[in-house]
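The values are calculated or read from the model by the stated rules, or taken from the named source; none is laboratory data. Computed from a predicted structure; not experimentally measured. Neighbour counts are summed over all protein chains in view; Cβ atoms, including those assigned to glycine, are modelled from backbone coordinates with ideal geometry.
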Number of protein chains: 2
Amino acid sequence: MTDSRDNTASKILNSLKNDIISGEYLPKQKLHIKTLKEKYNVGTSPLREALSQLMANDLVVSKNQRGFYVSDISLEDLTDIYQTRAKIESLCIEMSIDKGDDYWEANLIAASHRLNKYSKKDKPDTNEWQSRHGDFHEALVSGCNSPRLFQIRSSLIEKSKRYRSLWLKENVSNATTLKINQNEHAALMILALERDKKAISKLIEEHIMTPVGIIKKSLSQL
Amino acid sequence: MTDSRDNTASKILNSLKNDIISGEYLPKQKLHIKTLKEKYNVGTSPLREALSQLMANDLVVSKNQRGFYVSDISLEDLTDIYQTRAKIESLCIEMSIDKGDDYWEANLIAASHRLNKYSKKDKPDTNEWQSRHGDFHEALVSGCNSPRLFQIRSSLIEKSKRYRSLWLKENVSNATTLKINQNEHAALMILALERDKKAISKLIEEHIMTPVGIIKKSLSQL
DNA sequence: AAATTATAAAATGTCGACATTTAGTAATTA
DNA sequence: TAATTACTAAATGTCGACATTTTATAATTT
């Protein structure tokens, strides 16, 4: 992943981004230049270049002469992110249904099967489940074939992951996530194969909004 | 706009962005560090920080040890940008219709009036018309009230402006732009006030896609 | 002459230093 | 004691220098 042919700024960008998304740095936390330089073993320039890119991604904010901070979160933003994400996902799926071919269908069925099997496991590994879960949803939208829309989707997922991470930090167990919507996934696949745009739009929006209530509750008591 | 309390990187970012969007720097054109430093009278660090942010905005790309380039354009990307933009705009308007109140309606009527009046003028100034045109479309979506969706919308508009600029560069006259869709705007307003989501979605998507054919033709013969 | 190699020039990306601004602490005053 | 001021320490943002890589040019070889 981190090609040695990449420059320092690119390499450090990923580390920093992951550390912010995973919640290692908390919202509003100051990102001291000196500390980061030592932690990631880099000089000033590449570090600031990475931070500049994160600013453009809304993960970092900066005030002149007062340095960089992890961007703040809020209940309003949580709702806005997830709602927007739901609408975009719905859009992607509708376009998938319009354009998706046999390969899209086959790939979707396969991804669904992999997720289903793993969901029924006794002691499922969270990372593996999340990976399969992500793959399933990607299979759903993969027929849409719009790079720009995908980019928007990815960027929103990144931002929502931040909220999810912060929530997971509070709740050690995440059995909730795994159980909440097992049958919804099956329903989504069926509706996709039936090319029922209206029904699948409704369902996917609800599906994506499901965690919001839980995260909201957890977050508001901090 | 360019606050003196901003740092050098922020100030130069806007100039650079505008120069790329307006087509002063052409697609694939190399952005020599030394040249830019002299042109904008800045040092290495803030310049590279600005370029880093533009990378995150997809206006600039970079290869390690081979510097920065204005990101390329293509017919496929042109179509993708405008199509995505059309879908997003449609989404914004639908949400506007759901949430828009009396103030939204009033503001929309006012913006429509300002655009209409100016469109009937003898010798309209292009900039003034574009300003009023932009205001009208913003009035349409302003009820949607989702910062994140607005941000996506702005970013797409920026990217589409690039194509429009390149096209304008070829076609000195832009009377086309002004005349193409005068009555569509009136229709959009009426449908908005009637809260006819289905009809307005269809119309706005067509409306936004209108320039694509023209730009495509102009661009493909370069 | 075409292709390869060697050499020179130019450009990139990184670093550490420095001036300037901000934040923190102690001293002063009311 | 609380509030204001003066001072010190820390941190930021910018610059120019330097090592490394790439590109362009000339020389060599087949």
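Would you tally the residues in segment B:52-70 being more than 20 Å from the chain's Cα centre (by Cα) and within 8 Å of chain A (Cβ to nearest Cβ)?
The number of residues fulfilling the criteria is 3.
Restricting attention to segment B:80-88, does a residue exist that is away from chain A (no Cβ under 11 Å), of a type in the set (Asp, Glu) and away from DNA strand D (no atom under 16 Å from the Cβ)?
Among the residues of segment B:80-88, not one is away from chain A (no Cβ under 11 Å), of a type in the set (Asp, Glu) and away from DNA strand D (no atom under 16 Å from the Cβ), which makes the answer no.
When segment B:26-46 is examined, which residues are found to be part of a helix (DSSP H, G or I) and touching a strand residue (DSSP E or B) at 6+ places or on another chain (Cβ under 9 Å)?
Within segment B:26-46, B:ILE33, B:LEU36 meet the criteria.
Give segment B:34-51 a look and list any residue that's at the interface with another protein chain (Cβ under 9 Å from one of its Cβ atoms) and among the acidic types (Asp, Glu), or say none.
B:GLU49
Can you spot a residue in segment A:77-94 that is more than 21 Å from A:SER160 (Cβ to Cβ) and hydroxyl-bearing (Ser, Thr, Tyr)?
no
Taking segment B:127-159 as the region of interest, how many residues are within 14 Å of chain A (Cβ to nearest Cβ), in contact (Cβ under 8 Å) with a residue 24 or more places away in the chain and charged (D, E, K, R)?
Residues meeting the conditions: 3.
Answer yes or no as to whether B:SER96 is farther than 20 Å from B:GLN182 by Cα, in contact with a Ser or Thr (Cβ under 9 Å, 6 or more places away or on another chain) and within 16 Å of DNA strand D (Cβ to nearest atom).
Judged against the criteria, B:SER96 is not a match.
Which of the following residues is hydroxyl-bearing (Ser, Thr, Tyr) and within 11 Å of another protein chain (Cβ to nearest Cβ): A:SER10, A:SER22?
Being hydroxyl-bearing (Ser, Thr, Tyr) and within 11 Å of another protein chain (Cβ to nearest Cβ) holds for just one of A:SER10, A:SER22, which is A:SER10.
For (1) modelled with pLDDT under 95; (2) closer than 15 Å to A:ARG195 by Cα, each residue gets a yes or a no:
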{"site": "A:ILE88", "(1), (2)": "no, no"}
{"site": "A:CYS92", "(1), (2)": "no, yes"}
{"site": "A:ILE97", "(1), (2)": "no, yes"}
{"site": "A:ASP101", "(1), (2)": "yes, yes"}
{"site": "A:LEU108", "(1), (2)": "no, yes"}
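Somewhere in segment A:99-117, is a residue under 20 Å from the mean Cα position of the chain (by Cα), more than 16 Å from DNA strand C (Cβ to nearest atom) and β-branched (Val, Ile, Thr)?
Checked against the condition, which is being under 20 Å from the mean Cα position of the chain (by Cα), more than 16 Å from DNA strand C (Cβ to nearest atom) and β-branched (Val, Ile, Thr), segment A:99-117 yields no hits at all.
With (1) over 25 Å from A:SER220 (Cβ atoms); (2) among the hydrophobic types (A, V, I, L, M, F, W, C); (3) within 16 Å of DNA strand D (Cβ to nearest atom); (4) crowded, with 19+ Cβ neighbours inside 10 Å as the list, and A:VAL70 as the residue in question, which single condition is left unmet?
Going through (1) over 25 Å from A:SER220 (Cβ atoms); (2) among the hydrophobic types (A, V, I, L, M, F, W, C); (3) within 16 Å of DNA strand D (Cβ to nearest atom); (4) crowded, with 19+ Cβ neighbours inside 10 Å one by one, A:VAL70 breaks only (1).
Can you name every residue in segment B:34-67 that is among the polar types (S, T, N, Q), closer than 19 Å to A:VAL61 by Cα and within 13 Å of DNA strand D (Cβ to nearest atom)?
Selection gives B:SER45, B:SER52, B:GLN53.
What number of residues within segment B:185-221 satisfy the criterion of being under 27 Å from B:SER74 (Cα atoms) and in a helix (DSSP H, G or I)?
Qualifying residue count for the region: 20.
So which residues in segment B:137-170 are among the aromatic types (Phe, Trp, Tyr) and surrounded by 20 or more Cβ atoms within 10 Å (Cβ to Cβ)?
Hits for segment B:137-170 are B:TYR163, B:TRP167.
Is it the case that some residue within segment B:17-27 is within 12 Å of DNA strand D (Cβ to nearest atom), farther than 16 Å from A:ASN7 by Cβ and surrounded by 15 or more Cβ atoms within 10 Å (Cβ to Cβ)?
The answer is no, given that none of the residues of segment B:17-27 is within 12 Å of DNA strand D (Cβ to nearest atom), farther than 16 Å from A:ASN7 by Cβ and surrounded by 15 or more Cβ atoms within 10 Å (Cβ to Cβ).
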